[in-house]
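See structure below.
The values are calculated or read from the model by the stated rules, or taken from the named source; none is laboratory data. Here the structure is a predicted model, which is why all the values come from computation and not from measurement. Here the Cβ positions follow ideal geometry from the backbone for every residue, glycine too, while neighbour counts run over all protein chains shown. Heads up: the accessible areas ignore ligands, DNA and RNA and are worked out on the full protein's heavy atoms, side chains in. Shrake-Rupley method; radii C 1.70, N 1.55, O 1.52, S 1.80 Å.
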Amino acid sequence: MPEVAIVVPTLNERDNIDPLIAAVNRALAGVDYEIVFVDDDSSDGTADHARAVAQSNPRVRVIQRIGRRGLSSAVLEGMLASSAPYVGVLDGDMQHDESILPAMLDKLRAGDVELVVGTRNAEGGSMGEFSSHRVALSGLGQKLSAVVSKSELSDPMSGFFMLRRPLLDEVMHELSLTGFKILLDIVASARRPLRIAEIGYTFRTRKHGESKLDALVSIEFLELLIDKITRGWVPVSYFVFGLVGLVGVGLNAVILYFLRHAGYTFAASQTWAGAIVSCVNYFLNNRLTFRLNRLRGIHLWIGFLVFVLVCIVGLFINVRVAVFLAAGGMPGILAGSIGVIIGSVWNYWVTSVFVWRVNQARRRERAKSRAAVAVRTRNPEAGCL
């Protein structure tokens, strides 16, 4: 059994595999370790290349995930695939400074702490060549993270850390596994303040591959905060669905306004507006709300047909409610907006089950997680899923 496992989540990081393995090997010379690459089915052959390296390097292991995406869930799978008493997380883009891994491990060995974080915001740490925009976003994220964290961290947005196995066992069933910020997820999931140490490092510039930072990362971060604040009582995706719905409400009002001024009846205007908004909402929700279950290719259009059939009922409810309210004297724009909101609630609950099959995906993920725990419990020496 290795003493420490370094989990490296990857997506299209083929060119970074060899230099990362060499760098970790230099940093952990004399330590019994393993590197677990968890690849989300990269299109550039990352998993294939890592497996080829593993043929001659027994320290290297590979998990290739099919039909599943997300850094946080990838990290958890990698952690559960190892029986090492200490587990570290290192990005596959070579921007983390692997040279501080021995210092992290020494602090955990001493027994005084249970989590060691590589920080860019404390003594010895730096954002490197981060743009002022990225620094500002990181600072905002740090302030927002304080809302859900019971432990003080100088860099809660960090993805570079090492922990003791018992801490993982304590929080793993409470993790949201949403987005990229697995460290914040772990700290916020703990029901007590954690014993944490921090080590400064300088964030490096990416040499190979492309950054995964985009607007979706910000959405996923907000989802994580919402999930921790609500303690999972409300589906996080419903909040994103609601944001898409707000776009739909605005679009519905604009279309309704122009069609009414073009001479269409209110019922006809609301019908056309509702139909257009339903189509726009489908593609936005496929891209944002249900991105982890995103439909592609032929499935995108099959899902669209099912979505349309389901939304016919929602559209009927939408129009009848709006007409009823308008007939009672409510202003047309307000009546139409209420109608589209009620229709969107119907659309969310029904389409999440019949179009994107979210409940089935969640059951599969839970089953895989339970299976991994069972394998490690029955056989501590086992190191794979």
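A cut-off of 5 Å between modelled amide H atoms, ignoring neighbours fewer than 5 places along the same chain, links residue 200 with 119. Here's how it looks for residue 60: its modeled amide H is under 5 Å from those of 35, which are all 5 or more places away or on a different chain.
Bridgeable aspartates and glutamates around residue 107 (alpha carbons under 16 Å apart, same-chain partners fewer than 8 residues away excluded): 3, 98, 198.
In this view, the solvent-accessible surface of residue 208, computed with a 1.4 Å probe and all protein chains in place, comes to about 80 Å².
Let's test the formula: R0 of 22 Å, r as the Cβ-Cβ distance of residue 312 and residue 243. What FRET efficiency results, to the nearest 0.05? Result of the calculation: an efficiency of 0.40. For segment 29-127, a simple Cβ point-charge model (Lys and Arg +1, Asp and Glu -1, everything else neutral) yields a dipole of about 220 debye relative to the Cα centre.
Estimated at the nearest 10 Å², the accessible area of residue 61 is 50 Å² with a 1.4 Å probe.
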